[in-house]
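This report concerns only the one structure given below.
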Amino acid sequence: MNYRKLGTTDLKVSTICLGTMTWGEQNTQEEGFEQMDYALDQGINFFDAAEMYPSPCRKETYGETENVIGNWFNKRKNRDKIILATKISGPGMSYIRGGGPQYTEKKISEAIENSLKRLKTDYIDLYQLHWPERKTNFFGRLGYVHKEDFNEWNDFEKILIALEKFVKQGKIRFIGLSNETSWGLLKFLEISKLKSLPKMMSVQNPYSLLCRTYEIGLAEISIREKSGLLAYSPLAGGFLTGKYRNNNLPENSRQKLFSDYYTRYNKPHASPVIEKYFEISNKFDLNFAQMSIKFCEIQPFMTSVIIGATTMEQLKINIESVNVNLSDENITEINKIQKLYPNPCP
């Protein structure tokens, strides 16, 4: 396994992070335990969760993923071996603290206390804001259309002051962002410097062969400010494994079960691009999924690549990507496709 520092902290996280959002929906607790056992045995020390998981997110299953992780900690007695990340949900989920703005001190406190109970731990290593409260372009929207917020969302300084309180209490160690824009990350970093408030150590955004928009502005910030990317959907929801090629729809796959919910990568114009990347993996005698993950891992702005799996076979293949080497020729051919067909699934 490979390791990198989380931001400017002394924490060294595995460059493969175990994603957990299927536990409690597509995966049982027993299967989640098996995945965590295997991942830890392979050197993965970094797990990522969220209070709203599993996904697809529903009121009936809210918090179940954190429950699975907490039960595993309780049974294995190995909390100290894991660097644990989770997230507070942003606005828009009516069944989570009534919806509306979530990043007030009161609601953050409620969210942290409940996550700690479910996770059966005294502290969270990395606490992330799941998505912005302000009106901006995230979740795959490229164009920014300005709309006045009229103070409907909390300002950055108030959020950092609220989070600092829980850092000082030892309930969270470090903080990070998710689904954030370049301006948002820079604003948080600027205020943390000016006011001596906690720094955002990471940004969890999508990054894959089908979505390299992070390179446009955020990559430079990540490198220069040491606030690296935690890449989610490196396999584009399974499309970069090849399992959906030729209109195939495997049983129990995410697209078979939840195609109406997961539409981000199911785009008609993406299919020919996926096929070209698949041909590259064949040319270099590489597993398609492993090539896709490795390409993410080697980026200079990357801290860790978040992988998820519903079967142990998938998990083993994904983790084994750390031992794959991509040649200069391989990378050049990948980049040629990106130039011809940039970001088909932002």
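The values are calculated or read from the model by the stated rules, or taken from the named source; none is laboratory data. Just so it is clear, the structure is predicted and the values come from calculations on it, not from any experiment. Ideal geometry is used to build each Cβ from the backbone, glycine not excepted, and the neighbour counts take in all protein chains shown. Only protein heavy atoms, including side chains, enter the accessible area calculation; ligands, DNA and RNA are left aside. Shrake-Rupley method; radii C 1.70, N 1.55, O 1.52, S 1.80 Å.
Overview of results
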{"read-out": "Odd one out for P234, checked against (1) under 24 Å from T213 (Cα atoms); (2) in a loop (DSSP other than H, G, I, E, B); (3) out of contact with any helix residue (DSSP H, G or I) (no Cβ under 6 Å at 6 or more places or on another chain)", "value": "(3)"}
{"read-out": "Residue pairs meeting the criteria (Cβ under 8 Å; at least 6 apart or on separate chains; first under 19 Å from E320 (Cα atoms), in the stretch 1-12; second open to solvent by 80 Å² or more (accessible area, probe 1.4 Å) and of a type in the set (D, E))", "value": "none"}
{"read-out": "Out of N323, N266, N246, N287, sole residue that is open to solvent by 50 Å² or more (accessible area, probe 1.4 Å) and either at positive phi or of a type in the set (A, V, I, L, M) (or both)", "value": "N246"}
{"read-out": "Verdict on K59 being closer than 21 Å to D260 by Cβ and of a type in the set (K, R)", "value": "yes"}
{"read-out": "Index of the failed condition, T213 passing every other in (1) open to solvent by 40 Å² or more (accessible area, probe 1.4 Å); (2) under 16 Å from the mean Cα position of the chain (by Cα)", "value": "(1)"}
{"read-out": "When residues of the stretch 174-199 are limited to those that are touching a residue at least 60 places away in the same chain (Cβ under 8 Å) and outside any loop (DSSP other than H, G, I, E, B), the one most open to solvent (accessible area, probe 1.4 Å)", "value": "F174"}
{"read-out": "Residues being in contact (Cβ under 8 Å) with a residue 24 or more places away in the chain, of a type outside the set (A, V, I, L, M, F, W, C), part of a loop (DSSP other than H, G, I, E, B) and out of contact with any Phe, Trp or Tyr (no Cβ under 6 Å at 6 or more places or on another chain) - total across the stretch 145-169", "value": "1"}
